[in-house]
Structure formats: structure tokens, C-alpha cells
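Heads up: the structure comes next, in C-alpha cells.
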Amino acid sequence: MRDKMNNVQIGVDYYPEHWDESMWEADISLMKETGVKVVRVGEFAWSRLEPAEAVYDFAWLDRSLDLMARYGLQVVIGTPTATPPRWLTTAYPDVLPVFADGRTFHPGVRHHRCYNSRSLRLFGARITAELARRYAGHPAVIGWQTDNEFGMLDCHCDACNEAFRAWVRAKYDSLAALNAAWGTVVWSGEYGTWEELTVPYGGSPHQNPSLLLDYQRFQWDAVVSFQQEQIDLIRQYCPEHFITHNFHSYPQRLDQYAVGAALDVASFDYYPNTSPLKQETTPYSGALSLDVTRGIKRRNFWIMEQLSGSPGCWMPMWRTPHPGMIRAYVWQAIARGADTVVHFRWRSAVAGAEQFWHGLIDHSNVPGRRFAEFAGLCGEVNELSERLKGSVLQHEVAILHSHEQKVALDIQPQAEGFDYYENIKLVHRSLTKLGIGCDVIHAGEPLDGYKLVIAPSLYVLDEPLAAQLEAFAAAGGTLLLTPRTGVKNPDNLCVMSPLPGLLSRAAGVTVAEYDPVGRETHALVDGEGRTYACSQWCDLLTPDTAEPVAWYGDDFFAGIPAVTANRFGAGQVYYFGTFAEESYWTALLARLAGEQELQRFAGLPDGVQATVRRGPGGRFLFLLNLNRVTQTVTLPAGYRRALGGGEVPAGELALAPFGVEILELPE
């Protein structure tokens, strides 16, 4: 059944335990009639599945899944370990995480579980095994979601303390090696016995940065280990089912690449901001989130929760989705590699904290405008499903992304306003506006097939990654580096060599001095005399073999090179000593696109995005107007509409607010 994870289809999240059983068949019948293909269930239902220790009640889930099978719906079951029941946390309080200040994370919300708790591991594995055994052969079940929205808990409980000590000891072997790697001589922090080593109690951000980075790495490994126990059990009993996890809320400290490694497919919970005030940024930050998700496995993905109505729980309610927004943002997800899009949720909850995180059907239980839009969307996706199956995105540009860089930069903020992920957003937004497709991949992944690689702030840099990037440029690729590259080694210690450290030879430049200018705005002047704004950081560059292409225009460093380009082997390396405004990136990337003949759809107005999926069913150009106003694009040739058929002539094509066009491209 793993092939079913590649179907292009629409689904819903449904909680049969929340509704009177008399409602189930009407709901499931309407799902079928509307064109829904897949349903996620169970991820928060532990107390109903196991109401007391070792007392299981699957009868209600049996009946609901049997109904779904009768109506031809496919089911993904979520393991319920994100919400341990009260009998478990009462009898086994080691399940509950402990904050840095000693307070306990009590039940009542969710995610109140320590990944290293022996009791959680025991009972979590037990409920996972019981579910997997029972539903291995159920005709509706096709896959599993592990837990729900893993995140960093920063737990300081006794189990984490013991596990962290063991993790560090396994990594460094001796106290001498540990003290050297972490530089513990500073502030008399040297360890004399292993018992002195603890998690970073107190939560101060000014503790040893090497300790803090390794503590993050330790937590990543704990999540991976916790999830792997579930994966092993599911694969034991359900070898034909696929396994996914629903990542959420980028940027994340959690290492999604490590958590995603053992999954069959990655998933994302996608809630584009509905506010008109966010209209300029939401389409682009959303596009980045989707590209990040595709990069977790470097293949197509699922959306496990998609915007269905006004969100509200963790914050005051947002605006209700504008007409066409639900449909447009689903097509945006599909255009960027989502195969299945599952909507949260079928009906708005009448109880609990998320009562006002609205579903497709409101509390009235009367389907309205949003549901009608959803029904039309289901019809469109089902119309194109077979033709889109197996289609993928193929790009010539990659942005390197690393949770390790983000965490290290968060531990020691470099300047006011310096934000690793926001700087990635700016570059990705420039590419998207230029109509240039881009992959966002884990730093260190193979770079075959890319012409242009952008490597933002490789603050923690090791020799293998530096060698890989050198080889990429030497073989003919274009590499773009940004400030704070090569500052630290993997132990989070500063490198005693001129920056950009291990990449100085490839960049052909050294940093003579730097100025953390923060939120101040300074002038950047290019070779044509055009002036742009720059901020956050100013490296004062001394070219060696590189050529300056932009200079600072003010302050004591006026006239000093700010951006350089270096021929390196058959390729070239750009070094940015500062963070330039978007228009500078747009101008530079447009020039590079022309020089390297990058595939692109030029001339996109603000808020309009273009992507191409190609596969056995053909090549499809997605044009999406993610605005509340009509926008016009210019088609270089005539095309045929994939949705509904009909010809679209060359020339101007008007896209209505939240309008979508899917055009067939010639092979």
C-alpha cells in the first residue's frame, strides 16, 4: 500500500471519538459524496483506546474504520503518544517533562511527555503495537503518522539527565576530551567526574555554548530514538503500510532531517495566514515552508493538516479565509510537491481548547461557503489525480538549510535583527518572485544537477562540507556564501583563522574586520553605481583572488568591498559580507539566471507564483495568484488548460483574486 502515498488526493482529519456515533455514517457518506479520499484518525485518542492500564477498547474505532472501508475511504492512523492519558501520568509521573527551572509540565494541554521517560517508552510502545497488530489487515488502513508535531521540550528530568550524561560519554569517551572539546576551562567549568555533568539547569542562555549545542543534538537523537521504536513496531506488523510524521511551524529547532530519515514520506501542517495585512509575505513564507518539507526526504510529501477556516486557540482568531483562498493554497501545496492534502478538520470542535480552530463545517453543522469551495476543490483534484500521479519538481537551484546553524546562532545571537531563517526567506522570496524554482535541502546532501547553490551563514562548518562545496564550485557550479561563514568548528568553538575559515580559498577573500551593525541601515553600491540598503552585519573584505562586485557606501568602511566574486576551477564563488535588501538579491539572481540559462518563468507580478511538475502524465505549469486582487501574467505561447480543457492563447492572462491556472506544457 506504500504506492498509495503517491496518489494526488484530498483528505480530512476526523475525530469519531468527539462525536455521537449516530453522526458517523452521515459524515462519512458526505465525505465520499464530496470527493474525499483519505481520513486521518486517532492521534489524540489514547484515553479512549486504553481507558485504564492494559485495558483496551478498540470497538469504537473498529466501527468507525469499518464504515470508512464501506464507503471506500482510506485511513491513516496516528499513534496517540502526544497525549498520554491521566491514568498514565498519575501512576507514572516520570512521563511528564521538567522545565529548566524545575517546574513540571503537567497534563491538560498536549505534548506533556518526555521522550526519554522509561514509562512513556514502555506504554507508548505497547499502545502502538496493539494498534498495529489490530489494524494491519484492515481494508481501509494504508498508513501511519507517528505521534503529532514533534518539537523540542528541553526536558531537565532525571531520565534526561542520565541519558544526556551517557550520550556525552559515548561521544567524547574521556573527561579530558570533553573538557577540551567544550573549552570548559573558561569560568572554571571543567568536569572532574562524570557525575558532575548535567543537563543545563537554570535555562541561562549564557552557559557554555558547546554544552548548549550538544544538549540540542542530544534531544534530536532522543526524538529519533523515541520515534524509531514506533516505526519498528509498525513495520513489524504492517510492512505494507507507509509511515509519516507531521512537521509544523517552521523554523524549528528540531532536526527534521534526522527525524525524517526513517519515514517513507514527510508531512507538514500548513496554515497560511489569512490576514490581509500579511498578504505580501504569506504566499512566499508558505512557499518556503513547502519547499523545506519537500527537502526533508527530497521527494514529494503530504500535507497532514491544511487550513479549512479561521484558526484560533494559541492566539486570537484570524480572519476567515477569503473566497478562493482555501482552494488556491491547496493548489500551491500540490504545485510544490504535495501529493495528498488533508484538511484540519472535518467539523469545528464543540469542546476543548481548539473549539475556534475552525474546520470545514462550522459548529452549526450546516455546510456553508467554505465547504462548497472545498467540494469544488475535491472535484478538481480528482479530475487531475491520475495525470499528476508520479510527477515531481526538478530544479537547478538549491538553498542549503541546517538546524544546527540555526541553533548555534540562537545560542549566541550575532547582532540585533540577525535571523538565520528570515535571511533564508529573503533569498527564497527573491527566487520565487523571479520565477526560478528552488530546492531547500539539508547542508551536506548531494549537489548533483544543481547549477547554483546558496549556502547561508555556515557558522558551524566542518571539513567534509567545506570540501564538498569547493568541489561543487571547481566542477563548474556557482556558490553563494553569506556572512558568518566558517566561524565555528563542530564543537561550537571559534576557529583561529581568517574568515570565512575553511572556505577562504574558494571564496578568494578574507574578512579583515567586521561590524555587527544590527538594525542600522547602511549603503551598498554595485558596479553600476546603484545604491541598495544593507543591514545586520558588515564584513570588511580584503580580496585575494576575488574581484569586488559591490562596495560599502557610507560609514568608516565606505569604499571597502562588501560583495566579491571569485573564479574557482570551472565555477565561481560569491561572498556576501553583508545582508542586502531584496532588490539587490533580485538583480544579482536575475543576472545569474541569464548567465547560467536557468529555467524560469519571467515577469511574475507580486503574489503570483509559477511552478512546474513533470511526470508520466505530462508537464504541468501551475500559475497561482495568491492575492486578493486580479493580476496579469504574460504567456510566451499558447497552452491547453489541464483543468476543464480549452485553449489559452499567448499574451496576457488575467488571474482573478486567488485564481489558479494549470496549463499543459509540451514535452
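The values are calculated or read from the model by the stated rules, or taken from the named source; none is laboratory data. Predicted model only: the values in this text are computed from it and were never measured. Using ideal geometry, Cβ is built from the backbone for each residue, glycine included, and neighbour counts are taken over all protein chains shown.
Before moving on, here are some points about what is shown:
- When residues of region 234-256 are limited to those that are of a type in the set (Ser, Thr, Tyr) and under 10 Å from the mean Cα position of the chain (by Cα), the one nearest to Tyr135 (Cα to Cα): Ser249
- Number of residues in region 576-602 that are surrounded by fewer than 22 Cβ atoms within 10 Å (Cβ to Cβ), among the small types (Gly, Ala, Ser) and touching a strand residue (DSSP E or B) at 6+ places or on another chain (Cβ under 8 Å): the value is 3.
- Of residues in region 190-204 being of a type outside the set (A, V, I, L, M, F, W, C) and under 13 Å from Asp101 (Cα atoms), the one surrounded by the most Cβ atoms within 10 Å (Cβ to Cβ): Pro200
- Condition met for Ser204 (in the same structural domain as Ile127 (by TED's automatic domain parsing), among the hydroxyl-bearing types (Ser, Thr, Tyr) and modelled with pLDDT under 95): no
- Residue tally, condition assigned to a helix (DSSP H, G or I) and either buried (at least 16 other Cβ atoms within 10 Å of the Cβ) or modelled with pLDDT under 95 (or both), over region 95-130: 11
- Test for Asp255: is it charged (D, E, K, R), closer than 30 Å to Tyr172 by Cβ and without any contact (Cβ under 8 Å) to a residue 60 or more places away in the chain: no
- In region 358-407, residue farthest from the chain's Cα centre (by Cα) [restricted to those that are of a type in the set (A, V, I, L, M) and under 18 Å from Gly437 (Cβ atoms)]: Leu388
- Note on region 605-630: residues that are outside any strand (DSSP E or B) and surrounded by fewer than 19 Cβ atoms within 10 Å (Cβ to Cβ) total 7.
- Residue list for region 431-450, filter: within 17 Å of Gln468 (Cβ to Cβ), in contact (Cβ under 8 Å) with a residue 60 or more places away in the chain and in a loop (DSSP other than H, G, I, E, B): Glu445
- Condition check for Val350: free of Cβ contacts under 8 Å to residues at least 12 places away in the same chain, surrounded by fewer than 20 Cβ atoms within 10 Å (Cβ to Cβ), more than 24 Å from Asn7 (Cβ to Cβ) and over 25 Å from the mean Cα position of the chain (by Cα): no
- Answer from Val573, Val525, Val549 - the residue that is surrounded by fewer than 23 Cβ atoms within 10 Å (Cβ to Cβ) and either out of contact with any Phe, Trp or Tyr (no Cβ under 7 Å at 6 or more places or on another chain) or more than 21 Å from Leu588 (Cβ to Cβ) (or both): Val549
- Those residues of region 645-666 which are in contact (Cβ under 8 Å) with a residue 12 or more places away in the chain and among the small types (Gly, Ala, Ser), in sequence order: Ala650, Gly651, Ala654, Ala656, Gly659
- Enumeration of residues in region 131-164 that are part of a helix (DSSP H, G or I), of a type in the set (Phe, Trp, Tyr) and under 14 Å from Gly42 (Cα atoms): Tyr135
- Exactly one residue among Trp194, Trp167 is in contact (Cβ under 8 Å) with a residue 40 or more places away in the chain and either touching a helix residue (DSSP H, G or I) at 6+ places or on another chain (Cβ under 6 Å) or not assigned by TED's automatic domain parsing to the domain that holds Val259 (or both), and that residue is Trp167.
- Region 1-32, residues that are of a type outside the set (S, T, N, Q), more than 32 Å from the chain's Cα centre (by Cα) and surrounded by fewer than 16 Cβ atoms within 10 Å (Cβ to Cβ): Asp20, Glu21, Met23, Glu25, Ala26
- Answer residue from region 170-187, given it is small (Gly, Ala, Ser) and free of Cβ contacts under 8 Å to residues at least 12 places away in the same chain and is surrounded by the most Cβ atoms within 10 Å (Cβ to Cβ) among those: Ala180
- Condition check for Glu664 on (1) outside any strand (DSSP E or B); (2) closer than 18 Å to Arg387 by Cβ; (3) in contact with a Gly (Cβ under 9 Å, 6 or more places away or on another chain): one failure, at (1).
- If the condition is being in contact with a His (Cβ under 9 Å, 6 or more places away or on another chain) and either in a loop (DSSP other than H, G, I, E, B) or not assigned by TED's automatic domain parsing to the domain that holds Tyr257 (or both), then region 278-319 contributes Arg298, Leu307, Ser308, Gly309, Ser310, Pro311, Gly312, Met317.
- Any hit, region 533-541, residues being surrounded by 14 or more Cβ atoms within 10 Å (Cβ to Cβ), modelled with pLDDT of 95 or more and either assigned to a helix (DSSP H, G or I) or in contact with a helix residue (DSSP H, G or I) (Cβ under 7 Å, 6 or more places away or on another chain) (or both): no
- From the list Ala558, Ala562, the one residue that fits, being without any contact (Cβ under 8 Å) to a residue 40 or more places away in the chain and surrounded by 18 or more Cβ atoms within 10 Å (Cβ to Cβ), is Ala562.
- Long-range neighbours under 8 Å by Cβ, at least six apart or interchain, first residue within 11 Å of Glu17 (Cβ to Cβ) within region 39-63, second polar (S, T, N, Q) and part of a helix (DSSP H, G or I): Val41/Ser64
- Just so you know, in region 72-93 the residues that are buried (at least 16 other Cβ atoms within 10 Å of the Cβ) and over 22 Å from Gly143 (Cβ atoms) include one that is nearest to the chain's Cα centre (by Cα), and it is Pro84.
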